[in-house]
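Step one of this worksheet: look at the structure below.
Since every read-out is calculated from the coordinates, none of them should be taken as a lab result. In this text, all values refer to a predicted model and were calculated from it rather than measured experimentally. Cβ placement follows ideal geometry from the backbone for every residue including glycine, while neighbour counts extend to all protein chains displayed.
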Amino acid sequence: MYWRRAALVGTRLVRVRSSSAGRLEGPGGISGSGMGNSTSSSLGNAATAPVNQIQETISNNCVVIFSKTSCSYCTMAKKLFHDMNVNYKVVELDMLEYGSQFQDALHKMTGERTVPRIFVNGTFIGGATDTHRLHKEGKLLPLVHQCHLKKSKREEL
Ligand SMILES: N[C@@H](CCC(=O)N[C@@H](CS)C(=O)NCC(=O)O)C(=O)O
Ligand code: FES
């Protein structure tokens, strides 16, 4: 069920200053991405601190890549998930007005300010190199599947 999306998702960028209501703008906005599964609430709320918005984004999406459009490490990371047919959310920090505040928050949360910063199943797994290593060791897909299972169980309730 995920492959259909992956084709769409891999190429889309986070939109900034989208005009539609409920989308994020302004301070703290991680804007609506190309993905279908980001919905909620604190996104779009200018009063919410970047750390909280990041927290919410990573709990609502099994795979989140904080990226920059100009960064080829980021492109490689996106390609890795795309090639595994895994749906992911990408937040392009260089397209966000307050992207550098998000980078500061990511620094606080992960110990590094570099991109990409990649989260799977709500947990920081590393940058591009770490993620490729996990994949090579056969550990990446199980993490993603764990998240999908958790989600589908929740939806059954
Ligand atoms: N080994 C790290 C390298 C990350 C890295 O050096 N990223 C550079 C861009 S390729 C960076 O974030 N520079 C600072 C910035 O763009 O703010 C990884 O694989 O993610
Ligand atoms: S590869 Fe150069 S900015 Fe990431």
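Protection proxy ranking for 74-80, 147-153, 127-133, 114-120, using the average of other Cβ atoms within 10 Å per residue and placing the highest first: 114-120, 74-80, 127-133, 147-153.
Along the axis of the charge dipole computed for segment 59-157 (Cβ charges of +1 for Lys and Arg, -1 for Asp and Glu, origin at the Cα centre), the listed residues 152, 132, 75 are led at the positive end by 152. About the centre of its Cα atoms, segment 49-156 shows a dipole size close to 300 debye [charges on the beta carbon of Lys, Arg (+1) and Asp, Glu (-1) only; nearest 20 debye].
3J(HN,Hα) couplings calculated from phi for segment 141-157 with the Karplus curve 6.51 cos²θ - 1.76 cosθ + 1.60 (θ = phi - 60°) are, in sequence order, 4, x, 5, 5, 5, 4, 5, 5, 4, 4, 5, 5, 5, 5, 5, 5, 5 Hz; Gly and Pro show x. Close Lys pairs in segment 60-157, defined as Cα atoms under 18 Å apart and 8 or more places apart or on different chains, number 12. Please compute the Kirkwood hydrodynamic radius over segment 58-128, one decimal place, Å, based on all pairs of different Cα atoms. Taking every pair of different Cα atoms in segment 58-128, averaging 1/r and inverting gives 12.0 Å.
Using only side-chain charges placed at the Cβ, +1 for Lys and Arg and -1 for Asp and Glu, the dipole size of segment 100-157 relative to its Cα centre rounds to 80 debye.
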